[in-house]
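One structure is given here, and the rest of the page talks about it.
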Amino acid sequence: MGTPAKTGAAVTLTIDGFDITVPEGTSVMRAAAEAGISVPKLCATDSVEAFGSCRLCVVEIEGRRGTPASCTTPVAPGMVVHTQSSKVRKIRKGVMELYISDHPLDCLTCAANGDCELQDMAGAVGLRDVRYEPGRNHFEQRAVVGDNPEYIPADCSNPYFTYDPQKCIVCSRCVRACEEVQGTFALTIEGRGFDSRVKAGMAGDDFLSSDCVSCGACVQACPTATLQEKSVIELGTPDRSVVTTCAYCGVGCSFKAE
Ligand code: FES
């Protein structure tokens, strides 16, 4: 969740009126969490380095211009942070509106319904309506390759999980998990703007023919149903699971308990 706390001198700051003391190098987001304050986020997780790409975790800091991302901003002595000002709440809502405008609205039939961070964050920021017209959005335009409209179907080549580019918000959590958790470097982001998407391997590769080792780190990291276990698609989200971590992959395995 944001930049991990570093061991070092203690730093005291104020977040939403609470005095908090954390080690030097701790991110504002993590410091807020230490105080029980939850800052909305999409691209930050505990398992990968903070990247600051989704802009959902913005905060106001007295004496500083702009609204920095709390996941990549380290604490400083005497810092006064506001995580729920009307300004940042408005920004977050606008950011979420853009994400949702680019996302299929099939929650009720989606395998991740009820277990989707995008869905959770839309609720957390109070998003009720999207002002943008459907049909000009990312998930449809992304299917245009060069000048040729070309539907990019889900990649189901991996025996354990699927990749559906239409549901991708390009947060890069999967790419970073592949690199930082597994050290495989099988994934990258290709394209720019509306055409950006996650790519496994080189041109012409799918997940199966890429360097992917099926460790599942990317699936664990995905905040939507873009990368989804086939067992979840076929059987539904398990109501109980066992998670273990072994020296081999360090990711953890989960299975449904009948
Ligand atoms: Fe901080 Fe995404 S969670 S920018």
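The values are calculated or read from the model by the stated rules, or taken from the named source; none is laboratory data. The shown structure was predicted, so the numbers you read here are calculated from the model rather than taken from an experiment. Cβ placement follows ideal geometry from the backbone for every residue including glycine, while neighbour counts extend to all protein chains displayed.
Of the residues making up the stretch 66-78, those that are over 13 Å from Gly25 (Cβ atoms) and either touching a strand residue (DSSP E or B) at 6+ places or on another chain (Cβ under 7 Å) or outside the structural domain of Val22 (by TED's automatic domain parsing) (or both) number 6. Picking from residues in the stretch 13-31 that are not acidic (Asp, Glu) and not in a strand (DSSP E or B), the one that is farthest from the ligand (Cβ to nearest atom) is Gly17.
Go through the residues of the stretch 61-71 one by one and say whether even a single one is part of a strand (DSSP E or B) and touching a residue at least 12 places away in the same chain (Cβ under 8 Å). So far as the stretch 61-71 goes, yes, one or more of its residues are part of a strand (DSSP E or B) and touching a residue at least 12 places away in the same chain (Cβ under 8 Å). In the stretch 68-77, the qualifying residues are those that are hydrophobic (A, V, I, L, M, F, W, C) and within 14 Å of the ligand (Cβ to nearest atom), and the one that is surrounded by the fewest Cβ atoms within 10 Å (Cβ to Cβ) is Ala69. Of the residues making up the stretch 51-67, just one is more than 6 Å from the ligand (Cβ to nearest atom), over 20 Å from Gly78 (Cβ atoms) and buried (at least 23 other Cβ atoms within 10 Å of the Cβ), namely Val58.
The residue of the stretch 180-206 that is surrounded by the most Cβ atoms within 10 Å (Cβ to Cβ), among those that are touching a residue at least 60 places away in the same chain (Cβ under 8 Å) and within 17 Å of the chain's Cα centre (by Cα), is Val181. Can you tell me which residue within the stretch 36-50, out of those that are buried (at least 18 other Cβ atoms within 10 Å of the Cβ) and more than 17 Å from Asp120 (Cα to Cα), is farthest from the ligand (Cβ to nearest atom)? Per the stated criteria, the residue is Val48. Every test in (1) at pLDDT 95 or above; (2) within 16 Å of the ligand (Cβ to nearest atom); (3) surrounded by fewer than 20 Cβ atoms within 10 Å (Cβ to Cβ) is passed by Val80 save one, and that test is (2).
Filter the stretch 207-239 down to the residues that are in a loop (DSSP other than H, G, I, E, B) and more than 22 Å from the chain's Cα centre (by Cα), then identify the one that is modelled with the lowest pLDDT. Selected residue: Asp239.
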